[in-house]
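FYI, it's all coordinate maths here, none of it is from the lab. Please read all numbers here as calculations on a predicted model, not as lab measurements. Here Cβ is always computed from backbone atoms with ideal geometry, including for glycine, and neighbour counts include all displayed protein chains.
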Amino acid sequence: MSTIDTPMARRLVEVAAIQGAAIIGQPGGWSVMLKVGMQETPLGTQRTDKPRTWRSLDSCVQYLRDELKIIKVDGIDASNYSAEAVHHTQRGKAAAERLRAAHEAAAYKQWLDREVQEAIDDSAPSIPHAEVMESAQAVIDKARKAKAAE
């Protein structure tokens, strides 16, 4: 099944090519069908050709309004909707791992920003780069001599 991803849907909205949108219930969530000409096509995820789903009707409507600027839907079909939880798949686990990594990266960035700001605000005199490198090389040379003497 072919889908329309968000960037394409935005372009279609800009040129007034989308003539309608309907929210369709399914087990565990909601999807959107966009009417372009006489054809209805599901709103899909980027980089895949699978229909995008939302667990909450509110988040689906908010997405249509905020991301696609679609403020009117032709209808809501809840005949196949059920609130039963969707089983976590490998894809869900991968998404959770990406989210965890993003949180870790954000925390690291905050820590690094604080450290850099503290260094900038430090009133102690700066040490020239050449002096630091000379000192570091002396430590390396001393360790090499000690290892060679063993």
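Would you please name the trypsin sites (Lys or Arg not before Pro) within the range 1-100 that are DSSP coil residues with at most 13 other C-beta atoms within 10 Å of their C-beta?
Loop-located and lightly packed - Arg47, Arg55, Lys69, Lys72.
Per residue, what volume in Å³ does the Cα convex hull of the chain take up?
With only Cα atoms used, the chain gives 255 Å³ per residue.
Which far-off residues, 5 or more places away or on another chain, put their amide H under 5 Å from the one on Ala78, with H placed in the peptide plane?
Those lying under 5 Å, H to H, from Ala78 are Gly25.
For Glu131 paired with Ala143, estimate the spin-label separation in nm (one decimal), with each label point 7 Å from Cα along the Cα-to-Cβ line.
Modelled inter-label distance: 2.3 nm.
Residue farthest toward the positive end of the dipole of the chain, with Cβ of Lys/Arg at +1 and Asp/Glu at -1: which of Ser123, Cys60, Ala146?
The one lying farthest along the dipole's positive direction is Cys60.
When the Cα atoms of the range 1-44 are enclosed in a convex hull and the volume is divided per residue, what value in Å³ results?
Convex hull volume per residue, Cα atoms: 70 Å³.
So, with +1 on the Cβ of K and R and -1 on the Cβ of D and E, and no other charges, what is the size of the charge dipole of the chain about its Cα centre, to the nearest 20 debye?
With only Lys, Arg, Asp and Glu charged at Cβ, the dipole is about 580 debye.
Given H placed on each backbone N at 1.01 Å, which residues far from Thr45 in sequence or on other chains put an amide H within less than 5 Å of it?
Amide H neighbours of Thr45, under 5 Å, 5+ apart: Lys50, Arg52.
How about the range 16-103: which GluC sites (Glu not before Pro) there are in a DSSP loop, with at most 15 other Cβ atoms within 10 Å of their Cβ?
Glu84
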